[in-house]
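This report refers to the structure that appears directly beneath it.
Just so you know, all these numbers are worked out from the coordinates, no wet-lab data involved. If you're wondering where the values come from, they're calculated on a predicted model, not measured in any experiment. As a convention, Cβ positions derive from the backbone with ideal geometry for all residues, glycine included, and neighbour counts pool all protein chains shown.
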Amino acid sequence: MDRNQIMKWLKAPAKMSNKYSLHAIYFCTGCGIIEVPPVITARWDAERFGVIPVATPRQANLFLITGYVSVKTLRAIIRTYEQMYEPKYTVGFGSCPINGGMYWDSYNTIKHLDKYIPIDGWIAGCMPRPEAIFIAVVHLWTLIDKEKANGYIRYRENYKSYRRNQELALGKLEWPPLYPINSSS
Amino acid sequence: MHESLKHELESMFKDILVIDTEDNQLTVFAQRSQISVILQFLKDKGFDHLTLVSAVDWIEEKKFELVYILTRYLEEANKDRDKEKTYLIVKTRISREKPQLETITGIFPNAEPYEREIHELFGISFEGHPRLTPLFLEREYKIPPFRKDFDTRKYVEDVFDTIPIVEEKDK
């Protein structure tokens, strides 16, 4: 353990533990998943940074969306995101979730993913190198330190708007709202 | 090597055009009513593997072109060529106004998902197909999206760009 950080550990042990053990679930929507096997295996070894892939969203707190998001996958992404426990962090990987990327005029892909679920950070590039994931993880650490990686709080607070956007894109959703939608928010 | 097959096809069927497009490739242009007969004939000849069914939108000629690609599945059947497989491409054109065609799932059962896909993306309906239900798409489209007159940019502007950005309260 870094001795400089001992005060942080004493102040907020839960936060620090979350920060240094990011359990990642990778949503393999597109070509970005090609970069993930070298990242989690011996070549780049994400466990140096405490990032480890897990099997189900129930065990994860880092959600990495790698690649373009079609309308059909958006449904699965929302369901996965809503199943994760808080605190949860979302990172969009590659240029396609940011603004559509090369699918900017496609008839069946979502262009801006942050209209539907909150995103804590983006990794730009087509494709980003595996090192970019680690840069993103380190950035995420600073964001967690400053309590700015607050996507899950924003989701709760603006759930009405997010739910409205999800319904605009997908039509009627077959699952009930995650949070109560009151008229005031 | 195709000469014998070419002659046989030309003698068996009227109104077809057989062209040697490449070394190991023969293209047959047929009328729409002949498609299932020709495919059955070729299947009996040993072309038992339907690789692909595809469609092309020739919007200026107001036609859809259906493309069926056949090959021999087993290597032993390709003995006459050393290594390369021979491909048989069967094409037919149907009118764009009333896009309808007989299904070939009776001859090649694996054509079913291809025909569903073409039905969904081009709006060509196949008579006698067991289930022409949606395959990939989630949304409703007025014009099937793979047709040439489908304006993707306009669709994106109308649908995805009109979804507002979530305005979050300042912290």
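Of note:
- Most mobile of A:T142, A:T66, A:T90 in a GNM of chain A (Cα contacts under 10 Å): A:T142
- Full-extension gain in nm, A:D2 to A:T41, via 0.36 nm per residue minus C-alpha separation: 11.5 nm
- Calculated [θ] (222 nm, deg cm²/dmol) that DSSP helices of n ≥ 4 give over chain B, each run adding -39,500 (n - 2.57): -6500 deg cm²/dmol
- Label-to-label distance, nm, for residues given as B:L74 and B:S33 (7 Å Cα→Cβ offset): 3.6 nm
- Dividing the convex hull volume of the alpha-carbon atoms in the stretch A:7-99 by its residue count gives 106 Å³ per residue.
- Our summary gives chain B a relative contact order of 17 percent, counting only alpha carbon pairs under 8 angstrom and 6 or more residues apart.
- Karplus-derived 3J(HN,Hα), 6.51/-1.76/1.60, for each residue of the stretch A:100-107, Hz, glycine and proline x: x, x, 6, 9, 5, 10, 7, 7
- Among the trypsin sites (Lys or Arg not before Pro) in the stretch A:66-147, those placed in a DSSP loop whose Cβ has at most 11 other Cβ atoms within 10 Å are A:K146.
- Residues of the stretch A:57-71 with amide N under 15 Å of the 7 Å Cα→Cβ point at A:L178: A:57-65
- For the stretch A:22-170, the number of Lys pairs separated by eight or more positions or lying on different chains, with C-alpha atoms closer than 17 Å, is 5.
- Each residue of the stretch B:109-114 is assigned a 3J(HN,Hα), and the resulting list reads x, 6, 6, 4, x, 4 Hz, derived from the Karplus form 6.51 cos²θ - 1.76 cosθ + 1.60 (θ = phi - 60°), x at Gly and Pro.
- Of A:Y116, A:I52, A:H139, farthest towards positive along the dipole that unit charges on Lys, Arg, Asp, Glu beta carbons give chain A: A:Y116
- 0 to 90° range, to nearest 10: angle between helix B:3-12 axis and chain B longest Cα axis: 80 degrees
- Residue-averaged [θ]222 nm for chain A, counting only DSSP H segments that reach four residues, each worth -39500 (n - 2.57): -11000 deg cm²/dmol
- Per the Debye calculation on the protein assembly as shown with a single equal scatterer at every Cα and no solvent contribution, log₁₀ I(q)/I(0) for q = 0.07, 0.08, 0.10, 0.11 Å⁻¹ amounts to -0.47, -0.58, -0.79, -0.87.
- 20 Å reach of a label modelled at A:T56, 7 Å along Cα-to-Cβ, counting backbone N of the stretch A:1-37: A:22-28
- 5 angstrom amide H check on A:F63, placed H, neighbours 5+ away: A:I25, A:Y89, A:T90, A:V91
- Residue-span extension gain [B:E167 to B:I19] - 0.36 nm each, minus C-alpha spacing: 47.2 nm
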